1. For the subset of the range 158-169 comprising residues that are without any contact (Cβ under 8 Å) to a residue 40 or more places away in the chain and open to solvent by less than 40 Å² (accessible area, probe 1.4 Å), which member is farthest from Leu141 (Cα to Cα)?
2. Can you name the residue in the range 69-103 that is free of Cβ contacts under 8 Å to residues at least 24 places away in the same chain, of a type in the set (Gly, Ala, Ser) and surrounded by 14 or more Cβ atoms within 10 Å (Cβ to Cβ) and is also nearest to Tyr125 (Cα to Cα) among such residues?
3. Which number in (1) open to solvent by 20 Å² or more (accessible area, probe 1.4 Å); (2) over 27 Å from Pro56 (Cα atoms); (3) touching a residue at least 40 places away in the same chain (Cβ under 8 Å) marks the one condition that Ala155 misses?
4. Only one residue in Ala94, Ala169 is among the small types (Gly, Ala, Ser) and more than 30 Å from Pro67 (Cβ to Cβ), so which one is that?
5. Could you identify the single residue in Gly142, Gly134 that is surrounded by 13 or more Cβ atoms within 10 Å (Cβ to Cβ), small (Gly, Ala, Ser) and under 19 Å from Met21 (Cα atoms)?
6. Of all residues in the range 98-119, count the ones that are closer than 27 Å to Val32 by Cβ and polar (S, T, N, Q).
Amino acid sequence: MNHLAHALLAGDDDALRLGGMLGDFVRGAPDVAWPREVAEGIRLHRAIDVYTDAHPEVLAAKARLAPPYRRYAGILLDMWFDHCLARDFPRWSAVPLQPFSRDLRALLREREAQLPPPLQRFLVYMQTHDLPAGYAQPQVLGRALAGVGQRLQRANPLAEALPVLQAQAGVLDRHFEAFFPELQAFARGWIAQERLGPV
């Protein structure tokens, strides 16, 4: 899943949400300088990714993408699913999309000095393109896909992927709608279990 989903699945806890955003920008064990709840958010992010990658609906959605796009299906679906989530946000969140998006950026700005440099740079991109709310707009999603493609070391078709995703939108959206409630339940269960663990 991509940034909007990770932030939403962290619930109302700012520390978990911050960890959810850090999850794509840190490797290995969380920095001991972060509070325990932020480290939990990083671990939640990773648990969500593992659950997502093995889910039958996600595997079926990946199979819908023909070569050469199938090789990048994980990236493409993560971003398409954030598009689905942003586009239909009132179905999934009691908080409207724009305030949710502004609050997430504000949270990152508050901790900006402590963020790893790649996330600091991404925060600038978020502010410029009104992310994650902007993911609701296909043109913003298309630019984001092209940007990810430019950062990959080898040649790839991500800049041309948006029409491919749009052509499959109906079936991909059905996979998302079947999958996301189960992911929400998984994340709630993970958080509840973590809260019951040792202090």
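The values are calculated or read from the model by the stated rules, or taken from the named source; none is laboratory data. Quick caveat, the model's predicted, so the values are computed rather than measured. Positions of Cβ are backbone-derived with ideal geometry, glycine not excepted, and every protein chain shown enters the neighbour counts. Side chains included, ligands, DNA and RNA excluded: accessible areas come from the protein's heavy atoms. Shrake-Rupley method; radii C 1.70, N 1.55, O 1.52, S 1.80 Å.
1. Ala169
2. Among them, the one singled out is Gly74.
3. (3)
4. Ala94
5. Gly134
6. Here the count works out to 1.
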